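Here is the structure we will look at, set down as structure tokens.
The values are calculated or read from the model by the stated rules, or taken from the named source; none is laboratory data. These numbers were taken from a predicted model, which means no experiment stands behind them. Positions of Cβ are backbone-derived with ideal geometry, glycine not excepted, and every protein chain shown enters the neighbour counts.
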């Protein structure tokens, strides 16, 4: 209580003096998520650089005797990822309009698609586990998929939390940081998937 | 419904005692815990350095066996960099003073801040406990493959070291997110970009570098853990360069992560003790940011003997030399601030002058080694050891002690003993130069770094003996600091503003209350407290 008073007073002064845009203090949470996503991007950039470094220093890529994994499940997952992103987008928009049903539907669909994505990857991993130990190609391939699907897992957990808290009536158009943060993170995860798909399966 | 509002409601949740520290989310308490942790690791790693110097004092000594020697210099380097310098500057001073200097009540995410600290402490304990119980890495702080692969480091010590560094990376990345949001969002009214204190600028740049560089190292560390334990094939014999690229992509920026906050500290102290504004504030700010950006374009200069394409090497030679320009700009700005000032030769200013004198030597030997032909000659020799101790001890550690003497009164409310402080400074300055200056000659005479001992007759005896004597003088000077810190309990009360400072932390009490400021101040220039003093009629 005491703390809220102090913070309100400083906010009020800030607004009156006009030197600090009030908007700058309103979006602290999202700004934090944004910076976090930057660091996450750098993690993947490191793995991608490793991939291209190895590709450029190898005679053949993939190396002789190593078969690249099938492309069909990856195409399927690309479609799933894009669909789930659309669902998240509508869920986020629904919260802004105080549309609780829209939020529940959107986040449930997106979460379900996320689970399907993970299931498809799980089937893939039975092959990849062997591939990973055979060559640098297989190791990097597996790492990129593994660390991406870990993020999908985190995203699905976040959606579960959003869903439960929506059912408990926690969110409204004025109070929806977690919904926005989950949406932002999910866009990032989908973006990483598109790059992973392009680099691993299309460029090869 | 009382019409009088009480200006400072007491914080009901503020707890005292052990729980008050364990459960705190207050940036000042977290900062103090960072400082205590870092200083403990500084002492531990310093004692390791003394063992290293004892071993090298004369030819063919066997103070410790060669394996232990490898473990000692590995842990000395790792602890000094990852567990002392970075957490001290970023976690300690950054946490304590960034919110105070920008006129905020706390960082943007106080709980995340506590999490960063505890994970950092956890990582430090993982590494320390591993070391104490014999699970020690011996592949140097650079953990180059193949030394760090299962074939050459078969014990679990290497894995423990890797896990420790991964955890530290998570802690400092989250800390960086916190700092960036805090500096962007939480500034007091009126604190526009050019009114942000230099230390805060330096911390924001540092946080940006941590945010961009650390995840790449984390990726490399995880890949190495997988190589060692799950038979993946990343760093095989024909790809040792990959580790070097990924490691130095973090670890070269890490050099600036360690020096920029120290530069920020002395940019705060020199104007206060010269009774002048900082000369060319904007030039210092811009060169700080440029150093931060250029810091990402120089990492291959660590790899001039690794077989990188010569065209690429030449590019990195160029960028390495270019980064001396913004550094030189700052050097001249500090000197111009001192020039003509009415200098107040208290310990903080002495430490800053120590910084300038020693850092410039390290900076110049850095530019020398940026030249490919010189680097190929002195690579992995004691010349390199001399160079990076001149920048990291002569720069960062002098900066850290300057900050401790300058801000110690704010943190504790008591003044340090000036006589002991000056004695500490002079012994440290003399001991430091006696230790590390001879290493330049040892390196040029061909003494490789990281060797456990050497045969007589190579001309290395005298230099090594002098260095060892210097190391003990250096250690003695730190002991004097510890005595001074213990005596702080009975020191003179500091009052709010013992130095007539310029920045907002001096406007509140020493130590500051948990909410920092009675009322959030409004800022009208880059020296808000100077303004306030000018407004107050002098009696």
Which one of these does residue B:275 not meet: (1) touching a residue at least 12 places away in the same chain (Cβ under 8 Å); (2) out of contact with any helix residue (DSSP H, G or I) (no Cβ under 9 Å at 6 or more places or on another chain); (3) more than 24 Å from residue B:501 (Cβ to Cβ)?
-> (3)
Only one of B:246, B:258 is surrounded by 24 or more Cβ atoms within 10 Å (Cβ to Cβ) and more than 14 Å from chain A (Cβ to nearest Cβ), namely B:258
Could you count how many residues in region A:131-171 are in contact (Cβ under 8 Å) with a residue 12 or more places away in the chain, within 22 Å of the chain's Cα centre (by Cα) and under 30 Å from residue B:242 (Cβ atoms)?
-> 15
May I ask you to verify whether residue B:168 is within 11 Å of chain A (Cβ to nearest Cβ), on the phi < 0 side of the Ramachandran plot and either assigned to a loop (DSSP other than H, G, I, E, B) or in contact (Cβ under 8 Å) with a residue 24 or more places away in the chain (or both)?
-> no
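Suppose the filter is within 11 Å of another protein chain (Cβ to nearest Cβ) and either closer than 27 Å to residue B:167 by Cα or assigned to a helix (DSSP H, G or I) (or both); does residue B:318 pass it?
So residue B:318 fails the test.
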Of the residues B:452, B:471, which single one is surrounded by 17 or more Cβ atoms within 10 Å (Cβ to Cβ) and assigned to a loop (DSSP other than H, G, I, E, B)?
-> B:452
So which residues in region B:336-372 are in a helix (DSSP H, G or I), surrounded by fewer than 21 Cβ atoms within 10 Å (Cβ to Cβ) and over 22 Å from the mean Cα position of the chain (by Cα), if there are any at all?
-> B:336, B:338, B:368, B:372
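Kindly establish whether residue B:232 is within 12 Å of chain A (Cβ to nearest Cβ), more than 18 Å from residue A:133 (Cβ to Cβ) and either within 26 Å of the chain's Cα centre (by Cα) or crowded, with 20+ Cβ neighbours inside 10 Å (or both).
So residue B:232 fails the test.
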Applying the selection to region A:46-75, what residues are within 23 Å of residue A:124 (Cβ to Cβ) and either in a helix (DSSP H, G or I) or within 21 Å of the chain's Cα centre (by Cα) (or both)?
-> A:46, A:47, A:48, A:50, A:51, A:52, A:54, A:55, A:72, A:73, A:74, A:75
Do you know which of the residues in region B:247-272 that are free of Cβ contacts under 8 Å to residues at least 60 places away in the same chain and under 11 Å from the mean Cα position of the chain (by Cα) is farthest from residue B:530 (Cα to Cα)?
-> B:256
Kindly indicate whether residue B:174 is facing chain A (nearest Cβ under 10 Å) and without any contact (Cβ under 8 Å) to a residue 40 or more places away in the chain.
-> no
Candidate set: region B:373-385, residues that are more than 18 Å from residue B:324 (Cα to Cα) and touching a residue at least 24 places away in the same chain (Cβ under 8 Å); chosen: the one farthest from the chain's Cα centre (by Cα) = B:376
Taking region B:181-196 as the region of interest, how many residues are within 7 Å of chain A (Cβ to nearest Cβ) and buried (at least 24 other Cβ atoms within 10 Å of the Cβ)?
-> 2
Scanning region A:90-140 residue by residue, those within 14 Å of another protein chain (Cβ to nearest Cβ) and outside any helix (DSSP H, G or I) turn out to be A:135
Is one or more of the residues making up region B:158-165 in a loop (DSSP other than H, G, I, E, B) and surrounded by fewer than 19 Cβ atoms within 10 Å (Cβ to Cβ)?
-> no
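To keep it simple, each residue is scored yes or no on (1) under 27 Å from the mean Cα position of the chain (by Cα); (2) over 13 Å from residue B:195 (Cα atoms); (3) modelled with pLDDT under 95; (4) more than 14 Å from chain A (Cβ to nearest Cβ).
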position	(1), (2), (3), (4)
B:511	yes, yes, yes, yes
B:517	no, yes, yes, no
B:521	no, yes, yes, no
B:529	no, no, yes, yes
B:532	no, yes, yes, yes
